[in-house]
1. Run down 220, 270, 229 and say which single residue is under 23 Å from the mean Cα position of the chain (by Cα) and at positive phi.
2. Taking the options 432, 417, name whichever one is at pLDDT 50 or above, closer than 22 Å to residue 56 by Cα and assigned to a loop (DSSP other than H, G, I, E, B).
3. Tell me the residue from 237, 226 that is in contact (Cβ under 8 Å) with a residue 12 or more places away in the chain and exposed (fewer than 13 other Cβ atoms within 10 Å of the Cβ), please.
4. Filter the range 191-243 down to the residues that are under 20 Å from residue 418 (Cβ atoms) and at pLDDT below 80 and list them by number.
5. For the range 47-69, give me each residue that is outside any helix (DSSP H, G or I) and either modelled with pLDDT under 80 or more than 19 Å from residue 159 (Cβ to Cβ) (or both).
6. The conditions are (1) closer than 20 Å to residue 418 by Cβ; (2) part of a helix (DSSP H, G or I), and residue 256 fails exactly one of them. Which is it?
7. Applying the selection to the range 259-290, what residues are in a helix (DSSP H, G or I) and either free of Cβ contacts under 8 Å to residues at least 40 places away in the same chain or touching a strand residue (DSSP E or B) at 6+ places or on another chain (Cβ under 8 Å) (or both)?
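The values are calculated or read from the model by the stated rules, or taken from the named source; none is laboratory data. Everything numeric here is computed off the predicted structure, so don't read it as measured data. All Cβ positions, even for glycine, are placed from backbone atoms using ideal geometry, and neighbour counts span all protein chains on display.
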């Protein structure tokens with residue numbers, strides 16, 4: 001009896017020892033610091049005043065989309081580590097013992113079976129290759145997210161600058177309209193009720209435009225805070241100058257090819273195609289099931305037996321054909337997605353080039369010089385009204401023209417920022433609408449120039 005139980009007790013002790021060693025590897029060493037799960041601390045506020053490059057750096061470090069992309073890369077690496085293994089499954093150990101009571105004495109039977117599945121026909125290689133391709137795809141997705149967050153942060157920052165400048169512009173228009181109204185009231189002749197109402201209506205419209213511009217400024221500030229992953233109650237002061245050199249655009253086809261090579265989301269889809277093809281190869285190789293090599297030892301009625309064998313799982317051919325068909329269709333879907341994304345990128349580049357060129361021309365046309373000319377027309381209208389050659393309707397038209405020119409200039413700046421950052425996104429960061437250095441900005445053509453005659 002004692003001799004019969006020796007193999008059983010030895011295997012049981014070996015299993016307990018292996019389990020204890022595996023558990024000990026997961027425990028920290030004596031005196032070692034136990035790492036804590038990092039909580040998500042509230043991000044500190046960025047430096048103030050905040051510049052464009054500092055805003056982009058802050059967004060890249062704190063934006064949840066980039067943090068999520070980093071986590072996805074680590075997750076895919078963990079799955080790749082799990083897929084790159086020597087055996088398809090862990091070894092299986094089965095131990096069984098029976099005690100039978102007879103008239104004379106009791107008899108014990110034991111049986112031990114140790115089995116290990118093995119890869120066959122290169123199935124493990126295909127599984128690991130698909131996992132590595134998905135790791136590369138996750139890394140491309142992280143790079144694309146980085147470029148996308150950079151472009152959106154640049155757009156939000158420049159739009160906030162435009163909104164800040166727009167409020168200043170409209171405030172100047174309000175002061176000019178107020179001075180115009182005061183000059184009319186101080187004239188040698190008393191204004192008629194119709195003329196006074198016309199001037200008051202124009203002044204109220206300019207005040208309403210200022211309210212709208214302040215609302216846009218607040219919306220732009222909130223959009224920038226969202227890109228910086230900051231709460232809305234943060235008091236953020238930005239610093240910058242709306243001075244950007246015109247982008248040197250190459251030929252459309254040259255830019256198109258460069259954008260297709262640079263776009264990381266297209267590279268991500270390409271890696272997904274590679275992974276799906278490896279999955280298809282694995283599905284085809286699974287026609288040959290993975291064998292399991294096992295060793296069995298048993299003692300029955302005092303007889304000892306030792307066996308070595310191979311077993312194969314039995315699966316219906318119809319189910320295997322269905323899995324291969326599904327894997328083939330997944331390859332087709334990935335290739336279609338890749339081709340559709342390539343067409344989308346080409347369209348985005350074409351639209352971005354067209355929009356940027358149009359927006360640049362609008363800004364060049366509606367520069368500050370155009371506003372100064374409209375302001376000069378307002379001074380001429382004052383002199384003509386005093387001379388009696390203009391009526392109340394002409395005054396209203398002149399004031400409306402001054403505000404219309406200002407609003408069109410602001411809208412052109414907003415369109416230029418949107419078009420420039422859209423071109424950056426379409427080309428994967430190949431073309432970036434930057435700013436002149438502060439030493440050069442004074443000597444360059446700027447989006448917003450400050451004329452001497454327009455400063456108050």
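1. 229
2. Criteria check complete, one pass: 432.
3. Values: 226 fails: exposed (fewer than 13 other Cβ atoms within 10 Å of the Cβ).
Criteria check complete, one pass: 237.
4. 241, 242, 243
5. Correct list: 47, 48.
6. Every listed condition holds for residue 256 apart from (1).
7. Narrowing the range 259-290 to residues in a helix (DSSP H, G or I): 259-262, 264-285.
Within the range 259-290, just 261 meets the criteria.
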